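**Student:** Take a look at this one; I'll ask things after.
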Amino acid sequence: MKIAFTADVHLKTEDSSPERFNALCDVLDQAVKEKISSVIIAGDLFDVESRNYAVFDNLCRDKKYLSLDFHIIPGNHDQAISGKYFTSSNIRVYSEPELVFFEEGGPAFFFIPYNADSSMGEILAKYRSSLSGRWILVGHGDYLSGTKNPNSYESGMYMPLGRSDIEYYNPARVLLGHIHKKMQSGKVCYPGSPCSMDINETGKRSFGVLDTNDLSFTEKTVNTDYIYFVESLLAVPAADEFEYIRQKITSMIVNWDLKTEEVPKARIRLKVSGYCSNLKLLQSAISQSLADYKFYNDEGPDLGGVSVFDEAERVSIVDRIRKRVDSEALKAGLSKEKKDMILEKAIGFVING
Ligand SMILES: [Mn+2]
């Protein structure tokens, strides 16, 4: 049996954030197509307790999705949601910790609703006698992968689950909501939100499919309205400065790994720093290289961090420095960020003294 798994949809009204509804519908469409019948939503389905749940209620009652069963836990943003807010018979909200079997012989699912005054470990301790065999933990909060004791957590921590809790209670899998960026660490899996909340939640979004037979977890890409990217580029004054920036943009685009049909969804924020001989030419080199892509809010590239510098002798020194740093960084396996930082400092030194 396969189960679809998502979290942190943060639904508002349909008017104010249609992309969040669309992302959720895409998850459900894919689930129906894969003949999946159970959908787990691990908290923060709603952005706030808005008292207006009708849109979601109606969605679940839609003929398209009647074959789906929804298993929902509250998160820190929608802590008070309860089953009585919904009328569609396929919605189940777990307001108390509960152990549930979806199929005979399958694993048990232990749903832990978000509770601001507790760690997940405290809940597990209370229910330890019923947790045996193959069981899967579903919760909403912070996973502490270190050895720190999660029961002495500082404020700002959301219902933490410690690595030691997992070792001690031994769930077969841990499905968590709360962190919007997808992440897997050992048994723990955050699918991340199926839709970016803002420009800073970058890249393609996913949801998870858990196979209860072998407990394997597959990531599926959500077909979202937008795909955000936040990038930085370093302009370097040299004979081939504009060709250099074009090459950087080309490799940036390759990294995005977008299919042709995804290109129109991309929304880009680009901050450029460094030095160039001609700001206008730099701007047009960037615009040409990104002609197929849209900037976030039509803001265009941010060239505020670029200084104009055009002095032949020092530019030729910069040219040599750049080539040297590029090849040394490659040998040393430095990240683009580290390399750019070193390059920017070195060039700054040549130019500003
Ligand atoms: Mn949350």
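Every residue, every condition in (1) under 21 Å from F21 (Cβ atoms); (2) touching a residue at least 40 places away in the same chain (Cβ under 8 Å), yes or no:
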site: D47; (1), (2): yes, no
site: L59; (1), (2): yes, no
site: K64; (1), (2): yes, no
site: H77; (1), (2): yes, yes
site: N90; (1), (2): yes, no
site: E96; (1), (2): no, no
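**Student:** Could you please find all residues in region 269-290 being in contact with a Phe, Trp or Tyr (Cβ under 8 Å, 6 or more places away or on another chain), under 23 Å from A346 (Cβ atoms) and either in contact (Cβ under 8 Å) with a residue 60 or more places away in the chain or basic (K, R) (or both)?
**Tutor:** Y275
**Student:** Mind listing whichever residues of region 320-353 are open to solvent by 30 Å² or more (accessible area, probe 1.4 Å) and charged (D, E, K, R)?
**Tutor:** Listed by number, the residues that qualify are R320, K323, R324, D326, E328, K331, K336, E337, K338, E344, K345.
**Student:** Shifting gears a bit: Restricting region 43-98 to residues that are of a type in the set (V, I, T) and touching a strand residue (DSSP E or B) at 6+ places or on another chain (Cβ under 8 Å), which is nearest to the ligand (Cβ to nearest atom)? Break it down into steps so the answer makes sense when it comes.
**Tutor:** Residues of region 43-98 that are of a type in the set (V, I, T), as a first pass: 48, 55, 72-73, 81, 87, 91, 93.
This time we only want the ones that are touching a strand residue (DSSP E or B) at 6+ places or on another chain (Cβ under 8 Å), so: 55, 72-73, 81, 91, 93.
Working: V55: 20, I72: 13, I73: 11, I81: 13, I91: 20, V93: 16 Å.
Per the criteria, the residue is I73.
**Student:** Need pairs with beta-carbon distance below 6 Å; first residue within 16 Å of V188 (Cα to Cα) and in the same structural domain as V188 (by TED's automatic domain parsing) and within region 117-140, second surrounded by 14 or more Cβ atoms within 10 Å (Cβ to Cβ) and of a type in the set (S, T, Y); sequence gap 6+ or separate chains.
**Tutor:** Once the first residue is within 16 Å of V188 (Cα to Cα) and in the same structural domain as V188 (by TED's automatic domain parsing) and sits in region 117-140, its partners that are surrounded by 14 or more Cβ atoms within 10 Å (Cβ to Cβ) and of a type in the set (S, T, Y) give L124/Y169; H140/Y114.
**Student:** Looking only at region 153-185, count how many residues are on the phi > 0 side of the Ramachandran plot and within 12 Å of the ligand (Cβ to nearest atom).
**Tutor:** So in region 153-185, the residues on the phi > 0 side of the Ramachandran plot come out as 156, 159, 170, 178.
When the remaining residues are screened for being within 12 Å of the ligand (Cβ to nearest atom), the result is 159, 178.
Summing the residues that are on the phi > 0 side of the Ramachandran plot and within 12 Å of the ligand (Cβ to nearest atom) in region 153-185 gives 2.
**Student:** Could you say which residue among N297, N352 is out of contact with any Ser or Thr (no Cβ under 8 Å at 6 or more places or on another chain), more than 20 Å from D240 (Cβ to Cβ) and at pLDDT below 90?
**Tutor:** Matching residue, one of N297, N352: N352.
**Student:** Still on this structure, please answer the following. Scan L210, L215 and give me the residue that is more than 12 Å from the chain's Cα centre (by Cα) and on the phi > 0 side of the Ramachandran plot.
**Tutor:** L215
**Student:** Quick one: which of S95, S67, S82 is open to solvent by less than 30 Å² (accessible area, probe 1.4 Å) and either over 20 Å from Y158 (Cα atoms) or of a type in the set (S, T, Y) (or both)?
**Tutor:** Details: S95 fails: open to solvent by less than 30 Å² (accessible area, probe 1.4 Å); S67 fails: open to solvent by less than 30 Å² (accessible area, probe 1.4 Å).
Being open to solvent by less than 30 Å² (accessible area, probe 1.4 Å) and either over 20 Å from Y158 (Cα atoms) or of a type in the set (S, T, Y) (or both) holds for just one of S95, S67, S82, which is S82.
**Student:** Across region 99-119, what is the total count of residues that are loosely packed, with under 13 Cβ neighbours inside 10 Å and within 16 Å of the ligand (Cβ to nearest atom)?
**Tutor:** So the answer is 2.
**Student:** Hey, can you tell me all the residues within region 12-42 that are open to solvent by 60 Å² or more (accessible area, probe 1.4 Å) and within 16 Å of the ligand (Cβ to nearest atom)?
**Tutor:** Pass one, region 12-42, residues open to solvent by 60 Å² or more (accessible area, probe 1.4 Å): 12-16, 22, 29, 33-35.
Matches in region 12-42: K12 only.
The values are calculated or read from the model by the stated rules, or taken from the named source; none is laboratory data. Owing to the predicted nature of the structure, the values given are computational and were not obtained by experimental measurement. FYI the Cβ positions are ideal-geometry reconstructions off the backbone, even for glycines, and counts take in every protein chain you see. Heads up: the accessible areas ignore ligands, DNA and RNA and are worked out on the full protein's heavy atoms, side chains in. Shrake-Rupley method; radii C 1.70, N 1.55, O 1.52, S 1.80 Å.
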